[in-house]
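The next block holds one structure in the form of structure tokens; read it before the comments.
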Amino acid sequence: MHSKVVIIGSGPAGLTAALYAARANLEPLVVRGLQPGGLITTTSEVENYPGFVEGIGGFELAENMEKQAARFGTQFLDTLVTQIDAGTRPFVLHTDSGEQLTADAIIVATGASPRKLGVPGEEPLANRGVSYCATCDGFFFREKTVVVVGGGNSALDEGLFLTRYVKELVMIHRRDALRADPVLQERAFSNPKVRFIWNSTVEAILGDEKVTGVRVKNLQTGATTELATDGVFPYVGHVPNTALFAGLLTLDANGYIVTDERQRTNVAGIFAAGDVVDHIYRQAITAAGEGCKAAMEVTWYLATQEHAAKQAAAALG
Ligand code: NAP
């Protein structure tokens with residue numbers, strides 16, 4: 001299957017790239033990946049995406065973006081890209097469904113995944129009380145006690161969403177000040193269901209069949225205590241999904257793809273956009289902006305390639 005441009009990833013960056021590429025008649029193919037719609041689909045309420053006065057659910061926002069891209073002819077494929085051959089043109093993309101795709105240009109928009117706490121109990125108790133998606137799993141914690149770890153926007157946003165269901169929400173943060181936006185901090189501090197444990201980390205998640213508690217370490221005193229809880233939601237940042245590109249694209253020390261200001265990677269014809277590149281802003285709107293830039297760059301890149309090929313052909317007579 002050949003495409004002028006294959007977009008790997010279907011979050012706000014990938015879908016905006018698809019919208020622009022489709023409107024430029026490039027008939028893009030979006031490889032949806034593991035999480036169709038991207039990480040934003042796990043965000044309960046997006047209140048800072050311009051144009052939605054009352055906010056919009058993350059899932060709905062991604063769904064709208066996909067429909068908009070599809071309206072202009074974007075094709076979608078539910079598979080994972082497992083390998084890219086960049087030594088020849090067109091590029092060859094191998095997938096886990098066995099399909100082989102070829103593309104004249106590629107936009108990488110594989111996003112990021114939630115960072116794990118990396119403590120005992122986290123992996124065996126995943127989906128048994130440990131969850132990285134409040135929107136997906138909050139309902140299962142009605143009238144329960146739940147721990148959220150972290151002090152950023154995700155921790156507060158998703159923690160506040162959980163208060164719709166839970167009896168008590170305990171927020172455990174490693175410092176005594178939150179990183180989250182002031183508007184979220186004010187909401188959390190004034191919510192009677194929310195209790196903070198400061199200067200502390202979760203050392204272990206406890207339980208056999210399901211989560212029953214956490215072991216908490218106070219970083220100032222060194223003291224450890226056990227806290228009974230039914231659920232743990234780690235929101236301690238994200239790691240870029242770039243394992244596939246190691247050895248092909250230049251990555252920075254934290255694994256993010258390095259691009260120039262025009263979303264170009266070190267390989268001509270491969271562009272990257274969104275959370276897989278951006279370790280500073282990491283917003284849906286900035287990801288969408290980079291997706292737009294990447295698609296416009298692809299349009300110009302392909303036009304230049306086509307022009308050069310025509311000139312070469314003319315020179316040959
Ligand atoms: P983040 O802003 O990087 O915050 C991660 C939090 O986890 C920080 O409070 C950090 O503590 C803490 N942390 C990191 N590693 C830890 C560890 N090993 N143990 C305990 N705590 C740890 O990540 P995020 O909240 O996922 O947000 C990512 C990006 O998405 C941000 O740019 C954010 O603005 C954006 N976002 C926006 C919205 C929104 O605008 N509605 C919603 C969600 C996310 P320190 O504070 O001490 O570093």
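The values are calculated or read from the model by the stated rules, or taken from the named source; none is laboratory data. None of the values given here were measured: they were computed from a predicted structure. Reconstructed Cβ throughout: ideal geometry from the backbone, glycine too, with neighbour counts over all protein chains shown. Protein only, heavy atoms only, side chains kept; ligands, DNA and RNA dropped before computing areas. Shrake-Rupley method; radii C 1.70, N 1.55, O 1.52, S 1.80 Å.
Some points to look at:
- Beta bridges by DSSP in the chain, antiparallel share as percent, to the nearest 5: 45 percent
- With contacts taken as Cα pairs under 8 Å at a separation of at least 6 residues, the chain carries a relative contact order of 20 percent.
- For the options Gly37, Gly237, Gly111, a Gaussian network treatment of the chain with springs between C-alpha atoms closer than 10 Å singles out Gly237 as fluctuating the most.
- Loop-located chymotrypsin sites (Phe, Trp or Tyr not before Pro) in the stretch 119-194 whose Cβ has at most 16 other Cβ within 10 Å (DSSP): none
- Degrees, to the nearest 10: 284-316 long Cα axis against longest axis of the chain: 20 degrees
- Taking a ≥ b ≥ c as the square roots of the Cα gyration tensor eigenvalues, the stretch 1-128 comes out oblate, since a/c reaches at least 1.5 and a/b does not exceed b/c.
- Under 5 Å between amide hydrogens, built in the peptide plane, is the criterion, and for Ser113 it picks out Val239, Asn241 among residues at least 5 positions away or on other chains.
- Scaled against 2.2 N^0.38 Å for its residue count N, the alpha carbon radius of gyration of the stretch 45-84 is 1.54.
- In this structure the stretch 163-243 gives 55 Å² per residue of accessible area when probed at 1.4 Å with all protein chains present.
- Debye intensity ratio in log₁₀ form over the Cα atoms of the stretch 134-234, taken at each q of 0.10, 0.22 Å⁻¹: -0.24, -1.16
- Selection of chymotrypsin sites (Phe, Trp or Tyr not before Pro), the stretch 226-303, meeting DSSP coil and at most 16 other Cβ within 10 Å: Tyr281
- log₁₀ of I(q)/I(0) at q = 0.12 Å⁻¹ - the chain, Debye sum with one point per alpha carbon: -0.84
- Relative contact order of the stretch 134-234, pairs being alpha-carbon contacts under 8 Å that are 6 or more residues apart, as %: 28 percent
- Among the trypsin sites (Lys or Arg not before Pro) in the stretch 135-223, those located in a DSSP loop and surrounded by at most 13 other Cβ atoms within 10 Å of their own Cβ are Arg142, Arg164, Lys167, Arg175, Lys210.
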